[in-house]
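Let me begin by presenting the structure, written as structure tokens, before commenting on it.
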Amino acid sequence: MTGKAKPKKHTAKEIAAKIDVATTNRGGGKAGLADRSGVEKGGHAKFECPHCKITAPGVKSMQVHHESKHPKIPFEESKLVDLHATHVADSSKPRPGVRGSLKK
């Protein structure tokens, strides 16, 4: 017997959501380690600091980093290294957020 307002079984929506979470590559875990580290294609970060080689996702973030870590050197946007321009994406690898095969 179940309590008040508790469904006895799982709903189709809940099961579909669990299948979606289980079969969709969201870029986490071991599968997304290379993407996060930036080894293969630049990862999530687009820009690299020319002084300390730290990465940042955007120009504003890199400017904030530069002002806090390199205050004596003037910030020049033209000297930033664009990691996405230097790395070519491999089309044979699955993208994060793209659904894979269904588990049965």
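The values are calculated or read from the model by the stated rules, or taken from the named source; none is laboratory data. Model, not experiment: these values are computed from the prediction. Here the Cβ is made from the backbone with ideal geometry for all residues, glycine too, and neighbour counts use every protein chain on show. Quick note on the areas: whole protein, heavy atoms, side chains included, nothing else; ligands and nucleic acids left out. Shrake-Rupley method; radii C 1.70, N 1.55, O 1.52, S 1.80 Å.
Overview of values
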| read-out | value |
| --- | --- |
| Count of region 43-78 residues which are open to solvent by 40 Å² or more (accessible area, probe 1.4 Å), of a type outside the set (D, E) and in a helix (DSSP H, G or I) | 8 |
| Residue check, T11 of a type in the set (V, I, T), surrounded by 14 or more Cβ atoms within 10 Å (Cβ to Cβ), at pLDDT 70 or above and at negative phi | no |
